[in-house]
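Worksheet: one structure, shown below.
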Amino acid sequence: MKAVVYHGPGKKSWEQVPDPTIEQETDVIVRVTTTTICGTDLHILKGDVPETPEGTILGHEAVGVIEEVGPGVRNFRKGDRVLIPAITACGQCDACRQGMYSHCVRGGWILGHTIHGVQAQYARIPFADTSLHKVPEGLKDEDVLFLTDILPTAYECGVLSGQIQPGDTVAVVGVGPVGLAAVMLSRLYSPSVIVAIDLDPRRLERARRLGADVTVQAGQEDPVEVVQKLTGGRGVDVAIEAVGIPATFELCTDLVAPGGRIANVGVHGKPVTLRLEKLWARNIRITTRLVDTTTVDRLLKLIAAGKVDPTPLASHTFKMDEFMQAYEVFSQAAAHDAVKVVVKQ
């Protein structure tokens, strides 16, 4: 088969590799029909994830069809269409029993990280019974593809951790793919106002189409000033950080009202100053979390019912033989006005 293979920092190729095989009785082999690229793949390629060995097939988000089933698999059969989430769960360790699949001692984020991933024509998926989800009849791959990562990330780490309530004011700082998903999914809880903040006017326009009531182009406007005016000087009830740099986290601490919540979603690679001299008396709740994908079934029902439509998050579509072009577009997102790319067999 062919796959995207990591060959060290800055090096990748679409090349011929051996077909995957069943290694454990709980494995399945999936023919990948649709996949995508994540910002985490770019971090690996930058050398920011040293535990990823050279020679690893990248990717942790895909939809496909089961081609082979290990003897220990009970819930899936050959021919089943399945959603492959970013997080793999053994279902038996202490972390899994607590619903923290991201901290599974034998799983978690392993696909395209510490074992071969899904940016390939075929993929081996471990712990199939407790990791995969069947795709309902009538739904296309594109309808469910983003349930593999960005939708549950935005929902679990942003919306649920932020405890959004009806009537709340919400600020989403950074409206890349996850931030846009956070805007869309926040609407499920009937906030009074959603404010989207970003540097890119094109992404802010997308945020408006997905449900933002107010948009603020940072650098052209002062987000704190806009929010203070909008909330009568109080601040927002929930600030969702969806970038992962010190400036945006610190902005959230300036935006949040007394008694409010800051839900950190962004992946931080540098230390952030926590201004406790300002925050200690403000009754602020700050949460951090890695996606567990425990809400995939709930979100799948909402998509099947037509209550959530993630397809506008896809900006470009490629064939698998165009994978290197897809990476170029995604890695230069601003130049290509890219959000998420879809890559199909």
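Just so it is clear, none of the values below were taken in a lab; they were calculated from the coordinates. The shown structure was predicted, so the numbers you read here are calculated from the model rather than taken from an experiment. Cβ: placed from backbone, ideal geometry, glycine included. Neighbour counts: every protein chain shown.
How large is the charge dipole for region 152-288, taken about the Cα centre, if only the Cβ atoms of Lys, Arg (+1) and Asp, Glu (-1) carry charge, to the nearest 20 debye? Dipole magnitude for region 152-288 comes out near 160 debye. Every helix of 4 or more DSSP H residues in the chain counts as -39500 (n - 2.57), and over all residues that averages to -6000 deg cm²/dmol at 222 nm. DSSP beta bridges confined to the chain are antiparallel in about 50 percent of cases.
Over region 152-288, what portion of Cα pair distances is larger than 27 Å, expressed as a whole percent? In whole percent, the long-distance tail amounts to 8.
If you bin all the Cα-Cα distances of the chain at 20 Å, starting from zero, the percentages per bin are 31, 57, 12, 0.
Among the trypsin sites (Lys or Arg not before Pro) found in region 1-88, those both in a DSSP coil and sparsely packed, with 15 or fewer other Cβ atoms within 10 Å of their Cβ, are Lys11, Lys46, Arg74, Arg77, Lys78.
Which cross-chain or sequence-distant (5 or more) residues have an amide H under 5 Å from the amide H of Thr33, H modelled 1.01 Å from N in plane? Those lying under 5 Å, H to H, from Thr33 are Val63, Gly64, Val65.
Among the GluC sites (Glu not before Pro) within region 61-142, those in coil by DSSP and having at most 13 neighbouring Cβ atoms inside 10 Å are Glu137. Computed about its Cα centre, the charge dipole of the chain is approximately 560 debye, with only Lys, Arg, Asp and Glu carrying charge at their Cβ. Against the empirical 2.2 N^0.38 Å (N residues), region 1-74 has a Cα radius of gyration ratio of 1.22.
Taking 0.36 nm per residue of separation and subtracting the Cα-Cα distance, full extension of the segment from Thr317 to Lys229 would add 27.6 nm.
What the Cα atoms of region 205-267 give is an Rg and a Dmax of 11.6, 32 Å.
Here the simple spin-label model places points 7 Å from the Cα toward Cβ, and for Arg31 and Asp48 these points are separated by 3.6 nm. Averaging Cα coordinates gives a centre for region 256-286 and one for region 218-246; these two points are 13 Å apart.
Overall size of region 5-124 from C-alpha positions, given as principal axis extents largest first: 40, 33, 22 Å. If the limit is 31 Å between Cα atoms, which of Lys78/Lys301; Lys11/Lys140; Lys2/Lys78; Lys270/Lys301 go over it? The pairs that break the limit, which is 31 Å between Cα atoms, are Lys11/Lys140; Lys270/Lys301.
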